[in-house]
Amino acid sequence: MVDVVILGAGSGGYACALRAAQLGLTVTLVEADRLGGTCLHVGCIPTKALLHAAEVADAARESEQYGVRATLDGIDPDRVVAYADGVVNKLHKGLTGLIKSRGITVVQGAGRLTGPREVTVDGTVYRGDHVVLATGSEPRLLPGIEVDGERILTSDHALRPERLPGSAIVLGGGVIGCEFASLWRSFGVEVTIVEALSRLVAGEDEASSAALQRAFRKRGIDVRTGAAVEGAKATDTGVEVTLAGGDTLTSDVLLVAVGRGPRTAGLGYEEQGVAMERGFVLTDERCATNVEGVWAVGDITPGLQLAHRGFQQGILVAEHIAGLAPRPIDERGIPRVTYSRPEVASVGLTEAQAVEEYGADAVQTLVYDLAGNGRSQIRKTQGSVKLVRRLEGEGAGPVVGIHLVGDGVGELIGEAQLIYGWEAHPDDVAPLVHAHPTQHEALGEAHLALAGKPLHAHS
Ligand code: NAI
C-alpha cells in the first residue's frame, strides 16, 4: 500500500509523481510504454525538433536575402529523425534518472483500475490511498478512412518519415495540421490543407487565423477552408481524398489530424463508477473525480490537450493529496502556441469571447504591427500583437487576451501570460522597460499604445 498509485507516466502523471514524492508521499507510477508519454515521445518534443530542422532548411534556402551564399542541397529524413531522437533520448534519460532519484517505484505494464483504490498490472494488484488516472490521448480517426501508416498517416507516422513525400494533403487545419503543413512545406513538399471550418486554428482569435492563412498561402501552401473530407483511400500511386460535394484531391500521402481522443476505453474507469462523458473523465476544479480517492489529470479530462496543462494538473493533485490548498487552474490563463512558420501564440480571451462575455461596449482592442518592431524586421518576419482589454470605466481595465502572430513570437507568450495572469492594466505594463531590439518590445509598445501614449505610431 502506497499513498498514491498513478496510472500513466506522461506529462500529467509524471509531474504528479515528482511533486507527490517531493511532498514526502510514497508513489507507484504505472506505465505501459516509455516514461514521458505522448509529449516526450510522439508529440511536443519530436515535432518541435522537426520544426527546428525546418527552420534551418528555410534559413539555408533564404540565405541570399541576408547576403549569405548558402544552398539547400536537400533534406536527409534519416538524419532529421536521428537528430529528433537524440533530443528525445537525452530528455528521456534525464526524466528516468529524476524519477528514480525521487524514490518513485515504476511499474512497467498496462494497468487497469480494478477497485476505487487499486490498479492491476499483469495480475499484480497495486493499492494506494489515492489513484490518479493519467492515461492520455491518441489520434482520432475518421470512419471509412483506414490509416495504413504508409499512404494514410497520423502524426505518429509522419514523425518518422523514411522518405519525404512529394505532395501531402493535411486533413484538419488545427494545431497538428498546421505544424506538419508548415514543416513539410519547409522541406519542399507540396502541401494542401483541407479544413471543414471556415478558418485554420479555429480556437484562436479570428485575426490570428487570417494572418496564418495569408502567410501559409504566401509560402505556397494550398489552404482549403470550409471543405470537409468525406473519404479517402490509398491507391497504387498515392491517396485519393473525396470532399463533401464530390470533388477529389490526390497526393502522395494524407495526414489525418482531426483531433486527439482520450485513452480511457477498457481501463475499468466506468466499471468503478467514475463519471465520464464522451470518453473523457469528469472532474471538479481540484481534478477529483466523483469517486472518493480517484483523481484525473491531462488529456483524459475535457479541455485543452496541452502538456503544460497536464503538468500543472499533476502538481495540483499531488498538493491536494498532501493536504495543501493549491490555487485552482485558470484554464484561460494556459498559454497556447502553434509552432508553425509563422508561429501563433495566445493567452486569455479572443476578441469574440470577450465581446460575448462583457458586451461590445466594454471591450477595447489594439493591434500592433510587427512592421514597427526592429527585431522582427531584422529577422524579416511579419505579424502582429493584438491586445484585448476589458474596459472598466474611462481609461481603466485589465488586458484579458493577448494574441501574437509572427516568427519567434511563441517565446513572447511568457511575458504575455504574466500580464494576463496578474490582471495587468496597460498602465501597469507601459512603464516597464523592454530591451531593445527585441520582439518583446512589440508587447511593450502595444501596451504603451493602449495606455494612450504610443511611442512609434504616427499621430
Ligand atoms: P484540432 O482539434 O486542433 O483540429 C482538428 C481540425 O480538424 C479541426 O479544425 C476540425 O474542424 C478539422 N476536421 C475534423 N474533421 C474534418 C473533416 N472531415 N474534414 C475537414 N476537416 C476536419 O486537433 P489536432 O490538430 O489533431 O490536435 C489535437 C490536439 O493536440 C489538440 O488539442 C492540440 O491542442 C494538441 N496539440 C498541441 C500542439 C501545440 O500546442 N503546439 C501541437 C500539436 C497538438
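The values are calculated or read from the model by the stated rules, or taken from the named source; none is laboratory data. Predicted, not measured: the structure shown is a model, and the values here were computed from it. Methodologically, a virtual Cβ is constructed for each residue, glycine included, from the backbone with ideal geometry; neighbour enumeration extends over all protein chains shown. SASA here: full protein model, heavy atoms, side chains in, ligands and nucleic acids out. Shrake-Rupley method; radii C 1.70, N 1.55, O 1.52, S 1.80 Å.
Here are some notes:
- Links that overshoot a 19 Å alpha carbon limit, given the list K48/K90; K386/K453; K48/K218: K48/K218
- The range 388-437 - percent relative contact order, Cα under 8 Å, separation 6 or more: 34 percent
- ³J(HN,Hα) computed for each position of the range 28-45 - Karplus, 6.51 cos²θ - 1.76 cosθ + 1.60, integer Hz, glycine/proline x: 10, 10, 9, 9, 7, 10, 10, 4, x, x, 4, 3, 6, 9, 9, x, 2, 5
- Potential extension, E62-I334 segment - 0.36 nm per residue separation minus Cα distance: 94.5 nm
- Nitroxide proxy distance, nm - points 7 Å out along Cα→Cβ at T365 and R79: 4.5 nm
- Apolar share of the accessible surface for the chain: 50 percent from carbon plus sulfur atoms, 1.4 Å probe.
- Residues of the chain: accessible area per residue with a 1.4 Å probe, Å²: 46 Å²
- Taking all Cα pairs closer than 8 Å and separated by 6 or more residues, the relative contact order of the chain comes to 15 percent.
- Between A70 and E162, full extension at 0.36 nm per residue minus the direct alpha carbon distance yields a gain of 30.5 nm.
- Prolate/oblate/rounded call for the chain, Cα gyration tensor, a/c under 1.5 rounded: oblate
- Packing here is the average count of other Cβ atoms within 10 Å per residue, and on that basis the peptides 350-362, 269-281, 134-146, highest first, run 134-146, 269-281, 350-362.
- The range 152-258 shape via C-alpha gyration tensor axes, a/c threshold 1.5: oblate
- Approximating the spin labels as points 7 Å out from Cα along Cα→Cβ, the T124-to-K233 distance works out to 4.9 nm.
- Qualifying trypsin sites (Lys or Arg not before Pro) in the range 350-429, DSSP loop, other Cβ atoms within 10 Å at most 11: K380
- Isolated Cys residues of the chain, judged by Cβ distance under 4.7 Å to other cysteines: C16, C178, C287
- Length available on full extension from E356 to L282: 0.36 nm per residue minus the Cα-Cα distance, which gives 24.1 nm.
- Taking amide H positions as modeled 1.01 Å from N, with prolines and chain starts lacking one, the residues under 5 Å from V170 and 5 or more places away or on another chain are T192, I193, V194, L255.
- Estimated 222 nm signal from helices in the chain, with DSSP H stretches of n ≥ 4 weighted -39500 (n - 2.57), rounded to 500: -9500 deg cm²/dmol
- The label point for R102 and the one for D222, both projected 7 Å from the Cα toward the Cβ, are 4.8 nm apart.
- DSSP bridge pairs, the chain: antiparallel proportion in percent, nearest 5: 60 percent
- For E138, nonlocal amide neighbours, meaning residues 5 or more places apart or on other chains whose placed amide H falls under 5 Å from its own, are G261, R263.
- Cβ-derived FRET efficiency at R0 22 Å, E190 paired with E150, nearest 0.05: 0.75
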